[in-house]
1. Which of the numbered conditions does residue 94 fail, given that it passes all the others? Conditions: (1) modelled with pLDDT under 95; (2) in contact with a His (Cβ under 6 Å, 6 or more places away or on another chain).
2. How many residues does region 99-131 contain that are under 12 Å from the mean Cα position of the chain (by Cα), open to solvent by 20 Å² or more (accessible area, probe 1.4 Å) and of a type in the set (Ser, Thr, Tyr)?
3. Give region 89-98 a look and list any residue that's under 22 Å from residue 162 (Cβ atoms) and crowded, with 19+ Cβ neighbours inside 10 Å, or say none.
4. Exactly one condition in (1) on the phi < 0 side of the Ramachandran plot; (2) touching a Lys or Arg at 6+ places or on another chain (Cβ under 6 Å) is not met by residue 124; state its number.
5. Being without any contact (Cβ under 8 Å) to a residue 40 or more places away in the chain and part of a helix (DSSP H, G or I) is the filter here; which residues of region 108-124 pass it?
6. Among the candidates 124, 117, 146, single out the residue that is small (Gly, Ala, Ser) and within 24 Å of residue 60 (Cβ to Cβ).
7. Are there any pairs, at least 6 apart or on different chains, whose C-beta atoms fall under 9 Å, with the first in region 125-148 and touching a residue at least 40 places away in the same chain (Cβ under 8 Å) and the second open to solvent by 40 Å² or more (accessible area, probe 1.4 Å) and basic (Lys, Arg), and if so, which?
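The values are calculated or read from the model by the stated rules, or taken from the named source; none is laboratory data. Fair warning: this is a prediction, and the values are worked out from it, not measured in the lab. Quick reminder, even Gly has a Cβ in these numbers, built from the backbone with ideal geometry, and neighbours come from all protein chains shown. Each accessible area value is taken on the protein alone, full model and side chains, heavy atoms only, with ligands, DNA and RNA left out. Shrake-Rupley method; radii C 1.70, N 1.55, O 1.52, S 1.80 Å.
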Amino acid sequence: MSNISVVFYSGYGHTKVIAQTFAQEIGANLVEIDPNGDISEQNWQTLDQSDAIVFGAPTYMGTAPWQFKKFADASSKKWFTRAWQDKIFGGFTNSASLNGDKQVTLIQLQTLASQHGGIWVSLGLLPANSKAATRQDVNNLGGSVGLLVQSPSDASTDEIPAGDLETTKAYAQRIAKMTKQFKG
């Protein structure tokens, strides 16, 4: 069994639900970045010991929020020692808008993984882009770089579209499969 960790920041709870759904699907570790942008020393060790690290952050104003950026900047200590070299990486983001510039956040997460010498895993799903498609369909938002989730601004955390939750589970399975194949 691969050791996979999800490190995430969630401002309003929606991104936390995605992280929990992802982790529950494959038995991954959860590492939550606190409101000050910090994680514990034990959590840094958990990430160091992981075969795969999945980044999760909401998209605020076109990028990940400052709390995630603070974590990313703090990871430079790991970059300097190449502690995360050759790990599997993936990522997800959530925003209230269907687009909301989520792709920019995913590229930010992918770039962070690449700086660490990691191997990024794409979403690997065809988009649900026919006239009959609904928000209940897997990959209705048409992601490819990573997982895209949309939570309407007036939706509670239990109102995340079912298709996005199913896409989360499918991406978790893909990360687990790729980690097993790579670390085999």
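1. The failed condition is (1).
2. 1
3. Filtering region 89-98 down to residues under 22 Å from residue 162 (Cβ atoms) leaves 90-98.
If the condition is that a residue be under 22 Å from residue 162 (Cβ atoms) and crowded, with 19+ Cβ neighbours inside 10 Å, then 90, 91, 92, 93, 94, 95 are the ones that fit.
4. Condition (1) is where residue 124 drops out.
5. Filtering region 108-124 for residues without any contact (Cβ under 8 Å) to a residue 40 or more places away in the chain gives 110-111, 114-115, 117, 120, 122.
Answer for region 108-124, where residues must be without any contact (Cβ under 8 Å) to a residue 40 or more places away in the chain and part of a helix (DSSP H, G or I): 110, 111, 114, 115.
6. Working: 124 fails: within 24 Å of residue 60 (Cβ to Cβ); 117 fails: within 24 Å of residue 60 (Cβ to Cβ).
Going through 124, 117, 146 in turn, the sole match is 146.
7. Filtered contacts from region 125-148: 125/174; 141/135.
Yes or no, residue by residue, for (1) in contact with a His (Cβ under 9 Å, 6 or more places away or on another chain); (2) farther than 24 Å from residue 27 by Cα; (3) at pLDDT 95 or above:
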| residue | (1), (2), (3) |
| --- | --- |
| 106 | no, no, yes |
| 124 | no, no, yes |
| 142 | no, yes, no |
| 149 | yes, no, yes |
| 178 | no, no, yes |
